[in-house]
Each structure stands twice: as C-alpha cells, then as structure tokens.
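J.: For reference, the structure I am asking about is given below.
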Amino acid sequence: MTCVLITGATSGIGLQLATDYAKEGWSVLACGRNQSQLDELAIQYPNITHVAFDVTDAEQVHTSFRDLPHFPDLWLLNAGTCEYIENGEMDSTLVKRVMDVNFYGMLHCIEALQSLLRHGDHVAVVSSIAGEMVLPKSQAYGASKAAISYVMNVQAAEWAQQGISTSIVYPGFVKTPLTDKNTFDMPMMIPVEEASVKIRKQLAKRKSHIYVPWIFTAIVRFIALFPYAWQQKLVRKLIKSEGEQS
Ligand SMILES: NC(=O)c1ccc[n+]([C@@H]2O[C@H](COP(=O)([O-])OP(=O)(O)OC[C@H]3O[C@@H](n4cnc5c(N)ncnc54)[C@H](OP(=O)(O)O)[C@@H]3O)[C@@H](O)[C@H]2O)c1
C-alpha cells in the first residue's frame, strides 16, 4: 500500500487531502497538534494513523519522524498559519510567530526527513502564490512563503542528484478555516474539495511546481513579472480602495 505523510492534516487543505488519499486506499500518516481531530480521523478511517507533534518544536518533529509506524512514499508538508500586518505597523513578534510555523516548521520537517529518504521518494511542500508578488498586509505571510519556496527550489536541485522528486504547491485562495478569517475580497476562491483533486492529480504526475487554481495563480505570476515599483503602486491602490470601503 502506498503511504503518504501529511502535516496539517487536522483542518482545511491537509484534512481534505488526508481523507481523499484514505478513500483512494493509501495508508495515511495524519499529523497535527489537534489530538481530538486526529483521533476522530483514525476512528473514521482504518488506514489513517495519527502522529501528533508541533512543527515549531524541532525535537518533537525529529522523534516523530524517526518512530513512524509506516514509511511514507510521499511526504506532504502542508502545516501553515497566516497572520497579517495591519495598518503597516510592523510587529516582529507576529512575524516570528508566522515564520516559526511556515518557515522554520517546514525546515524542521525537511531536516528530520532527509536522512530517511530513499531513491524514488517524493517530498512536497505547500507554499503559497502570496510569496510570489507584493501584496497588502503580507509582510509576514508573504515573506515566510517566499522563503520556503526559495529553500525548496534549491533543495530540489540537490535531491534530484539522489533520485528524490520534489513538488512545490502554490495555492491561490482556497476556502478553509484559514481563509474564513479574512475580511477582504478573495478573487477566484475555490472549494477545498476542488483544491484536493487538483493537487493530488499533479502530485501523482510528480509535477515540480503546482499552481491551484491555474488562472488566478497565472495572473499573480504575470503581475509578479512587473518591476517592483509597479507592484508597489498596485498595492498602494489596493490599500487605498480598502480604506475607502471601510
Ligand atoms: N487556504 C488558502 O487559501 C491557502 C492559500 C495559499 C496557501 N495555503 C497554505 O496551505 C496550507 C494549509 O492551509 P489551510 O488553508 O488548510 O489552513 P488551516 O485550515 O488553518 O489548516 C492549517 C493546518 O496546519 C496545522 N498547523 C498549524 N500550526 C501548526 C503547528 N505549529 N504544528 C503542527 N501543525 C500546525 C493545523 O493543525 P493543528 O492546529 O492541529 O496543529 C492545521 O491542520 C498552509 O501552509 C497555508 O499557508 C493556504
């Protein structure tokens, strides 16, 4: 039976991926901190095993990966958080909180799994299209996602020498508890079920870069080609129009 380990499997994209892989007959190692949600998953699906740890704690991640009951063919590093900087007021504590999960949490996982990898294995990281262009309020979130995408793009080249495949997933807006907190317009948002179908389809093909949904992320990538001065102008307009609406 093929095995997938998913971090952040207690909610949103990770939860949907975990249940969909389980329904397809995969053996699923579902990770997160929410023990009751993990217990519920394991009761509902006999092929889901739960592994509880906090990605910000390097020791917990190392111990959990070392003692896994099954060996994953696919490592899907998805756990993440989002907080915004309001009114341009820099808050380094907030930035550290976001970096701790989205950047260092991912690094802890990559560090812990690297000695376990075998030729033919597949490692996927869920980043965000928000890391690709200048966006309002996204000093913390955008930076954390840009940083992990950068690391994975280099790591991918290193691992390719050892026959390890990598994928970086760049979601646009997906309806989950994370986006439910947002008060601004989220263009072309897709349901989590659709995101899971698209992500799993492209992971099966071992695509190195996965953009979901395609049209919205293509627009963002096109804007990201503009000079930074133009991107800043666009952000100024977005901030101004949000101010006028509120
Ligand atoms: N939704 C979107 O529109 C969107 C867009 C772009 C990128 N993404 C990325 O997609 C990923 C999943 O997002 P989502 O929308 O599904 O969010 P979500 O519903 O809030 O789920 C986040 C998951 O991450 C886990 N997590 C958070 N902090 C953790 C920690 N310290 N240790 C272990 N697990 C932790 C949570 O589990 P516990 O609480 O049980 O620990 C939860 O299962 C994130 O990396 C996010 O940045 C989402």
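J.: Between residue 234 and residue 33, what is the spin-label point distance in nm, taking each point 7 Å from the Cα along the Cα→C-beta axis?
T.: Rounded to a tenth, the inter-label distance reads 3.4 nm.
J.: Report the relative contact order of the chain, percent, no decimals, based on alpha-carbon pairs under 8 angstrom and at least 6 residues apart.
T.: Result for the chain is 17 percent.
J.: ³J(HN,Hα) across the stretch 63-79 via Karplus (A = 6.51, B = -1.76, C = 1.60, θ = phi - 60°), whole Hz, x for Gly/Pro?
T.: Values, residue by residue: 5, 4, 5, 5, 9, 4, x, 10, 9, x, 8, 10, 9, 10, 8, 10, 3 Hz.
J.: Can you sort 185, 20 by solvent-accessible area, 1.4 Å probe, largest first?
T.: 185, 20
J.: Ignoring everything but the protein chains, give the 1.4 Å probe accessible area of residue 154 in square angstrom, nearest 10.
T.: That residue has around 70 Å² of solvent-accessible surface.
J.: At 1.4 Å probe size, with no ligands or nucleic acids counted, give the accessible surface of residue 82 in Å², nearest ten.
T.: Counting only protein heavy atoms, the figure is 20 Å².
J.: To continue, here is another question. Give the distance, in whole Å, between the Cα centre of the stretch 200-243 and the Cα centre of the stretch 8-35.
T.: Centre-to-centre (Cα) distance: 27 Å.
J.: Rank 145, 240, 198 by accessible area, highest first, at a 1.4 Å probe radius?
T.: Greatest to least solvent exposure: 240, 198, 145.
J.: List the aspartates and glutamates whose Cα sits under 12 Å from the Cα of residue 145, skipping any in the same chain fewer than 8 residues away.
T.: Partners found: 100, 132.
J.: Quick one: 3J(HN,Hα) in Hz for the stretch 84-92, Karplus 6.51/-1.76/1.60 with θ = phi - 60°, rounded, Gly and Pro as x.
T.: 10, 8, 8, 6, x, 8, 4, 9, 5
J.: Let me know the charge dipole size of the chain about its Cα centre in debye, to the nearest 20, where only the beta-carbon of Lys, Arg (+1) and Asp, Glu (-1) is charged.
T.: 820
J.: Still on this structure, please answer the following. Set the Förster distance to 22 Å, then compute FRET efficiency between residue 57 and residue 116 from the Cβ-Cβ distance, nearest 0.05.
T.: E between residue 57 and residue 116, to the nearest 0.05, is 0.75.
J.: If you don't mind, another one. Of the peptides 10-19, 224-233, 157-166, how do they stack up when ordered by the mean number of other Cβ atoms within 10 Å, highest first?
T.: 10-19, 157-166, 224-233
The values are calculated or read from the model by the stated rules, or taken from the named source; none is laboratory data. This is a predicted model, so every value here is computed, not measured. Virtual Cβ from ideal backbone geometry, glycine too; neighbours counted across all protein chains shown. For accessibility, only protein heavy atoms count, side chains too; no ligands or nucleic acids. Shrake-Rupley method; radii C 1.70, N 1.55, O 1.52, S 1.80 Å.
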